[in-house]
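Reviewing the structure listed below.
The values are calculated or read from the model by the stated rules, or taken from the named source; none is laboratory data. Please read all numbers here as calculations on a predicted model, not as lab measurements. Don't worry about glycine lacking a Cβ; one is built from the backbone with ideal geometry, like all the others, and counts go over all protein chains shown. Side chains are part of the model used for accessible areas, which takes the heavy atoms of the whole protein and leaves out ligands, DNA and RNA. Shrake-Rupley method; radii C 1.70, N 1.55, O 1.52, S 1.80 Å.
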Amino acid sequence: MEYIKILGSEFEQKCDLPFASAIKAGFPSVAEGYSNDSIDFNRDCIRHPEATFYGRVYGDSMIEAGICDGDIAVIDRSITPANGDIIVAYINNEFTIKYLDLSHKTNGYLELRPANPTFPIIRVNADDDFKVWGVVTWTIKRWKK
């Protein structure tokens, strides 16, 4: 099973970085969109700092969702999870990151769905030790090592 390691929630330090507001993914153009604005991940990506944590993803069960081994997930524990959300779940003494599927709730179970067809769907029944630990709101990806 893929797992996620929770890293903590230290949001005291401000880190303003320059922000290019319009980077085109088509044909190259002049840097007309370059702005003097700045982006601070703690300010701009985190709505509830007291309930938000970072977690490093291990494994590739969510690869088709663009979440890969080594990525960092930003997890907000204050958000009520909805059907289709990517969540961090605690199930039977392990953390995992999956899509939440509530479509079988009236049948007495829910499913944790991977974004990789080589991984099984996890069926969660009432007798499982299960908790939605938080909702993934962002991921941070490293492209060059």
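Here are the numbers:
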{"quantity": "Residue ID - most open to solvent (accessible area, probe 1.4 Å), chosen from residues in segment 36-57 that are closer than 17 Å to Val135 by Cα and assigned to a strand (DSSP E or B)", "calculated": "Arg56"}
{"quantity": "Matching residues in segment 79-98 - criterion: being under 13 Å from Ala65 (Cα atoms) and crowded, with 19+ Cβ neighbours inside 10 Å", "calculated": "Ile86, Ile87, Ile97, Lys98"}
{"quantity": "Test for Lys144: is it charged (D, E, K, R) and within 12 Å of the chain's Cα centre (by Cα)", "calculated": "no"}
{"quantity": "Some residue of segment 95-114 being of a type in the set (Gly, Ala, Ser) and under 20 Å from Thr139 (Cβ atoms)", "calculated": "no"}
{"quantity": "Ala82 vs. criteria farther than 16 Å from Asp60 by Cβ and in contact with a Ser or Thr (Cβ under 9 Å, 6 or more places away or on another chain)", "calculated": "no"}
